[in-house]
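Peer 1: I'd like to ask you about the structure that follows.
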Amino acid sequence: MSGSDSTAPVVRTRGLTKRYGDTTVVNDLDLEVSPGGIYGFLGPNGAGKSTTMKMILGLVRPLRGTVEILGRDLRECHAQVLPRIGSMIEGPAYYPHLSGRENLRIVADTLGAPRSQVEECLATVELSEHASKLARNYSMGMKQRLGIAMALLGDPFLLMLDEPTNGLDPGGVVEIRELIIDLARDRGITVVVSSHILSEIEQMADSVGIIQAGQLRYQGALAGLRDEGSTVVRCSNPEAAETILAASGVATTRIGTEVHAGVLPDPAVAALVRELTVAGHDIYRVELRRRSLEEAFLRLTEPVHQGAAA
């Protein structure tokens, strides 16, 4: 966009904070969404995801903090920027007594987008065959796709989708997920998608922000949530394994019948196995054990003693 910094994050917030009465719903939030790809905004229901997205879209005024879009302060460029951001917040908004096509035409006219985009967007979300059907007769999945089609009008460079798979059956979840991936990969649209379900985001996001009680607990690649892991040895004589590793300067911890050490290089593992075998001890298992993404996510989203809401 004209006047924008092409090297800047698509979205960046600094110290973003919102309160309702005595309740802080978003607290000093620093988000950074890089161009291209899918940013997964993860957190339990009531964590502050929707409120954050509304502040980024200018729908809610923050108590303090700033929102930058492509390096420009939203307060100074909202008239130029917001028409180029597509969004679906807290479910799709539509006129139930109108057809899918008629709903899209109203949005296109409001945005000043050419009506030719209506058919293009219907095709993108695979609703062309149902375009004449009244929106109230759409299935839940079709309504979600209609909402995404509306968000695509005006050729947006950024999509903000709030829980787009909420309430869908497994087949509908897959359809929406594949649609979002296609939009990012084939059309180069940056997508911010919120969810409270780790497995959904895990299958499509390039990077994530995890929020709990209005506070950002983690931001970065999903793989970064995993710890380096530890080498776990189970054998008939744990004391012997501890002695061998200690002789090599390796610190260990005994948990039940298991001996835990740091991540050992392959030669060290081979030497340990060889010495245990020569000494006549049975080796049941040697494995590299790492914390799962689910364990990391649950740890980061443990409730804190602070009021927050979405």
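The values are calculated or read from the model by the stated rules, or taken from the named source; none is laboratory data. Source: prediction; values computed, not measured. Every residue, glycine among them, receives a Cβ derived from its backbone with ideal geometry; neighbour counts consider all protein chains shown. Quick note on the areas: whole protein, heavy atoms, side chains included, nothing else; ligands and nucleic acids left out. Shrake-Rupley method; radii C 1.70, N 1.55, O 1.52, S 1.80 Å.
Peer 1: Return the pair list, or none, for Cβ contacts closer than 7 Å from residues in the stretch 212-239 that are over 30 Å from LYS49 (Cβ atoms) to residues that are at pLDDT 90 or above and hydroxyl-bearing (Ser, Thr, Tyr), at least 6 apart or on different chains.
Peer 2: Listed by first residue and then by second, the contacts come to ARG234/TYR284; CYS235/TYR284.
Peer 1: Could you figure out which of (1) open to solvent by 90 Å² or more (accessible area, probe 1.4 Å); (2) without any contact (Cβ under 8 Å) to a residue 12 or more places away in the chain; (3) under 15 Å from GLY229 (Cβ atoms) isn't true of ARG290?
Peer 2: Looking at each condition in turn, ARG290 falls short on (2).
Peer 1: PRO303 versus (1) out of contact with any Asp or Glu (no Cβ under 7 Å at 6 or more places or on another chain); (2) over 24 Å from THR51 (Cα atoms): which is the lone unmet condition?
Peer 2: That leaves (2) as the condition not met.
Peer 1: Let me ask something else. Pick out, from the stretch 154-245, the strands (runs of 3 or more DSSP E) lying fully within it that include 1 or more residues that are farther than 30 Å from PRO62 by Cβ and of a type outside the set (A, V, I, L, M). Let's see the steps before the verdict.
Peer 2: Values: elements: 158-162, 190-195, 207-212, 215-220, 230-235.
Here the list reads 230-235.
Peer 1: Looking at (1) open to solvent by less than 30 Å² (accessible area, probe 1.4 Å); (2) of a type in the set (Ser, Thr, Tyr); (3) under 30 Å from TYR20 (Cα atoms), which is the only condition SER207 fails?
Peer 2: Result: SER207 passes all but (1).
Peer 1: As an exercise: evaluate ASP73 against (1) of a type outside the set (Phe, Trp, Tyr); (2) over 22 Å from ILE180 (Cα atoms); (3) touching a residue at least 40 places away in the same chain (Cβ under 8 Å) and give the number of the one condition it does not meet.
Peer 2: Evaluating ASP73 over (1) of a type outside the set (Phe, Trp, Tyr); (2) over 22 Å from ILE180 (Cα atoms); (3) touching a residue at least 40 places away in the same chain (Cβ under 8 Å) leaves (3) as the failure.
Peer 1: Residues in the stretch 170-192 that are farther than 17 Å from MET140 by Cβ and crowded, with 19+ Cβ neighbours inside 10 Å: how many?
Peer 2: Of the residues in the stretch 170-192, the ones farther than 17 Å from MET140 by Cβ are 181-192.
With crowded, with 19+ Cβ neighbours inside 10 Å added as a condition, the list becomes 183-184, 189-192.
So the count comes out to 6.
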